[in-house]
Amino acid sequence: MTETAWDTYAQQKPQRRPVNAAGELTWFNWTQYPDHGPGAEILGTGHGSSVLELGCGKGGNLAHIATLGARAVGVDLSPAQLRAADARWADTVELELHQADALDFLTRCTDTFDAVFSVFGAVWFTDPARLLPAIHERLRPGGVLAFSQRPPVGGCYGCQASYITRSEEEDPLVVKRWDYEPPRWTQILREYGFTEATARVLPAPPGPRKIGTLLVRTTA
Ligand SMILES: C[S@@+](CC[C@H](N)C(=O)[O-])C[C@H]1O[C@@H](n2cnc3c(N)ncnc32)[C@H](O)[C@@H]1O
């Protein structure tokens, strides 16, 4: 059911623009707004690093990581998302794409990564009590975990329902997501052995939309 939900989402979500406002072919975007917020420097990786994205979707951020000379490994539940990633990036950069649930992938994987990241991705849609220990296990000591997602709605914490809308004749599909305020995220990360955790809400860019972006960074 969840795989179907994300395949439905894939059909609604367009491919990334051909170039960003600076005219670049690849770029990193942590937020839901184009040309906004920090970039890949948050991950502290570069040439020769090994980087894993959980819920890579159509692969735009992962492609940028590959252009920096890193091994770029992406995992996503949705075959449709991965087909779109392959169609867009296969001729440009080398991506290692895996169709899997993030937790299953981490449990099976024996590689160690310098950084793990997730942009509105599997970290948002998986119980942190199960996912964080699995990520910690696969990060090298000092390796970086960073993720972004929408901030919580005040008072709505823990497991929440997210709706993926369909046609007027069909019920929406439902996926679960996990929402916490920034101080609670840093506490949870410490509970699972992470250090130097920072969590903040980046404000939305000037304009009509007001919801910012929760950005979390920590080290194993
Ligand atoms: C909102 S999209 C974001 C995609 C991409 N990170 C981006 O910024 O465009 C969420 C993605 O996470 C994937 N996803 C959700 N739960 C997952 C899980 N448990 N394991 C792997 N991928 C998952 C979905 O298939 C979808 O591609």
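The values are calculated or read from the model by the stated rules, or taken from the named source; none is laboratory data. Keep in mind it's a predicted model, so treat the numbers as computed, not measured. Cβ coordinates were reconstructed from backbone atoms using ideal geometry, including for glycine residues, and neighbour counts include every protein chain displayed. The accessibility values were calculated without ligands, DNA or RNA, using every heavy atom of the protein model including side chains. Shrake-Rupley method; radii C 1.70, N 1.55, O 1.52, S 1.80 Å.
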Query raised in the report: Residues in segment 104-113: is at least one within 10 Å of the ligand (Cβ to nearest atom) and open to solvent by less than 40 Å² (accessible area, probe 1.4 Å)?
Result: yes
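Which of the residues belonging to segment 13-28 are touching a residue at least 40 places away in the same chain (Cβ under 8 Å) and either open to solvent by 90 Å² or more (accessible area, probe 1.4 Å) or not in a loop (DSSP other than H, G, I, E, B) (or both)? Write out each step before concluding.
Within segment 13-28, the subset touching a residue at least 40 places away in the same chain (Cβ under 8 Å) is 13, 15-16, 25-26.
If the condition is that a residue be touching a residue at least 40 places away in the same chain (Cβ under 8 Å) and either open to solvent by 90 Å² or more (accessible area, probe 1.4 Å) or not in a loop (DSSP other than H, G, I, E, B) (or both), then K13, L25 are the ones that fit.
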Report task. Scan (1) within 15 Å of the ligand (Cβ to nearest atom); (2) open to solvent by 30 Å² or more (accessible area, probe 1.4 Å) for the single condition A134 breaks and write down its number. Result -> (2)
Query raised in the report: Which of the residues that make up segment 67-103 are open to solvent by 20 Å² or more (accessible area, probe 1.4 Å) and either farther than 22 Å from T8 by Cβ or modelled with pLDDT under 95 (or both)?
Result: T67, L68, G69, R71, A90, D91, T92, V93, E94, L95, E96
Query raised in the report: Just wondering, is there one or more residues in segment 50-64 that are away from the ligand (no atom under 14 Å from the Cβ) and either assigned to a loop (DSSP other than H, G, I, E, B) or open to solvent by 50 Å² or more (accessible area, probe 1.4 Å) (or both)?
Result: no
Report summary line: Note on segment 182-220: residues part of a loop (DSSP other than H, G, I, E, B) and either within 17 Å of Q149 (Cα to Cα) or open to solvent by 70 Å² or more (accessible area, probe 1.4 Å) (or both) are Y192, P203, A204, P205, P206, P208, R209, K210, I211, G212
